[in-house]
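J.: Sharing a structure with you now.
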Amino acid sequence: KNQVEQSPQSLIILEGKNCTLQCNYTVSPFSNLRWYKQDTGRGPVSLTIMTFSENTKSNGRYTATLDADTKQSSLHITASQLSDSASYICVVSDRGSTLGRLYFGRGTQLTVWP
Amino acid sequence: EADIYQTPRYLVIGTGKKITLECSQTMGHDKMYWYQQDPGMELHLIHYSYGVNSTEKGDLSSESTVSRIRTEHFPLTLESARPSHTSQYLCASTQPGGTNEKLFFGSGTQLSVL
């Protein structure tokens, strides 16, 4: 069964600190992996999209890595800000499928304290 | 910011009522989607459309129905709401463009059925 597992489930850090969120997947075949940020009560917003051939992609203070061999991805947040408090969702798409067949993780709930 | 809008943002209704959740996008996207999300859980696809007069059921069984009479409009209807329908409903859209096509989400409708 295709699955996307994220860890930790929740994380609390102090403002200014760095953190890394993990995503392991069993989706096969693999097309791309996306990270989304979802603020409470809002829809997810895209942070990064990586295909099989990409192993790192940055978007400001967010850097995503991908190891397609081990089927692992991480999202690193540098110099965290209070506005980074949100749920971060890992989404994997399988090759040749319609975009409607995305596999969503349950997200990591990040809280940044002042 | 994506130009995709959902109304209402919040809805509290009694059991047995008929409701329609509205979703509109001004980006001219062909593909539109409805997802259901419970707190701390992954998004589940309940309906999708690849264009006008095209609608399909998603992975999660749902008692709702959708229509796509115009490209920009993709409403979701519940004929008789029940407490089990209490959830957040997210609408999304995308334009076909290969493996990096970006999925844009609306802000969601939080539905509570009493």
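The values are calculated or read from the model by the stated rules, or taken from the named source; none is laboratory data. Quick caveat, the model's predicted, so the values are computed rather than measured. All Cβ positions, glycine included, derive from the backbone under ideal geometry; neighbour counts span all protein chains shown.
J.: Go through segment A:5-18 and give me each residue that's touching a Leu at 6+ places or on another chain (Cβ under 9 Å) and either facing chain B (nearest Cβ under 10 Å) or more than 15 Å from B:G40 (Cβ to Cβ) (or both).
T.: Of everything in segment A:5-18, those that are touching a Leu at 6+ places or on another chain (Cβ under 9 Å) and either facing chain B (nearest Cβ under 10 Å) or more than 15 Å from B:G40 (Cβ to Cβ) (or both) turn out to be A:Q6, A:S10, A:I12, A:I13, A:E15.
Each row is one residue, and each column tells you yes or no for (1) under 19 Å from A:R101 (Cα atoms); (2) over 11 Å from the mean Cα position of the chain (by Cα); (3) within 11 Å of chain B (Cβ to nearest Cβ).
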residue	(1), (2), (3)
A:T20	no, no, no
A:Y25	yes, yes, no
A:F30	yes, yes, yes
A:Y36	yes, no, yes
A:T40	no, yes, yes
A:T51	yes, yes, yes
A:T65	no, no, no
A:S73	no, no, no
A:H76	no, no, no
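J.: Looking only at segment A:48-78, filter to residues that are of a type in the set (V, I, T) and not in a loop (DSSP other than H, G, I, E, B); which one of those is surrounded by the fewest Cβ atoms within 10 Å (Cβ to Cβ)?
T.: Residues of segment A:48-78 that are of a type in the set (V, I, T), as a first pass: A:48-49, A:51, A:56, A:63, A:65, A:70, A:77-78.
From the residues that got through so far, the ones that are not in a loop (DSSP other than H, G, I, E, B) too are A:48-49, A:51, A:56, A:63, A:65, A:77.
Values: A:T48: 21, A:I49: 21, A:T51: 17, A:T56: 12, A:T63: 18, A:T65: 19, A:I77: 23.
If we take residues in segment A:48-78 being of a type in the set (V, I, T) and not in a loop (DSSP other than H, G, I, E, B), then A:T56 is surrounded by the fewest Cβ atoms within 10 Å (Cβ to Cβ).
J.: Please state which one of B:T15, B:T20 is more than 14 Å from chain A (Cβ to nearest Cβ), under 15 Å from the mean Cα position of the chain (by Cα) and either at pLDDT 90 or above or part of a loop (DSSP other than H, G, I, E, B) (or both). Give the steps one after another, and end with the answer.
T.: Working: B:T15 fails: under 15 Å from the mean Cα position of the chain (by Cα).
Exactly one residue qualifies, and that residue is B:T20.
J.: Taking B:R70 as the residue in question, decide whether it is under 25 Å from A:W35 (Cα atoms) and of a type in the set (K, R).
T.: Judged against the criteria, B:R70 is not a match.
J.: A further question on this structure: Could you look through segment B:51-70, keep only residues that are surrounded by fewer than 16 Cβ atoms within 10 Å (Cβ to Cβ) and facing chain A (nearest Cβ under 9 Å), and pick out the one that is farthest from A:Q3 (Cα to Cα)?
T.: B:E56
J.: From the list B:L78, B:L90, pick out the single residue that is touching a residue at least 12 places away in the same chain (Cβ under 8 Å), surrounded by 13 or more Cβ atoms within 10 Å (Cβ to Cβ) and under 10 Å from the mean Cα position of the chain (by Cα).
T.: On the way: B:L78 fails: under 10 Å from the mean Cα position of the chain (by Cα).
Just one listed residue meets the conditions, B:L90.
J.: Taking the stated definitions as given, is B:Q37 closer than 17 Å to B:R82 by Cα, facing chain A (nearest Cβ under 9 Å) and in contact with a Gly (Cβ under 9 Å, 6 or more places away or on another chain)?
T.: It is true that B:Q37 is closer than 17 Å to B:R82 by Cα, facing chain A (nearest Cβ under 9 Å) and in contact with a Gly (Cβ under 9 Å, 6 or more places away or on another chain).
J.: From A:L110, A:L33, A:L21, which residue is touching a Ser or Thr at 6+ places or on another chain (Cβ under 7 Å), in a strand (DSSP E or B) and modelled with pLDDT under 95? Please lay out each step first, then the result.
T.: Details: A:L110 fails: modelled with pLDDT under 95; A:L21 fails: modelled with pLDDT under 95.
Checking each option against the conditions leaves just A:L33.
J.: Which ones in segment B:71-114 are in a strand (DSSP E or B) and more than 14 Å from every other protein chain (Cβ to nearest Cβ)?
T.: B:H73, B:L76, B:T77, B:L78, B:V113, listed by residue number.
J.: Select from segment B:23-43 the residues that are within 18 Å of B:S61 (Cβ to Cβ) and either in contact (Cβ under 8 Å) with a residue 24 or more places away in the chain or crowded, with 18+ Cβ neighbours inside 10 Å (or both) and write down the one among them that is nearest to the chain's Cα centre (by Cα).
T.: B:W34
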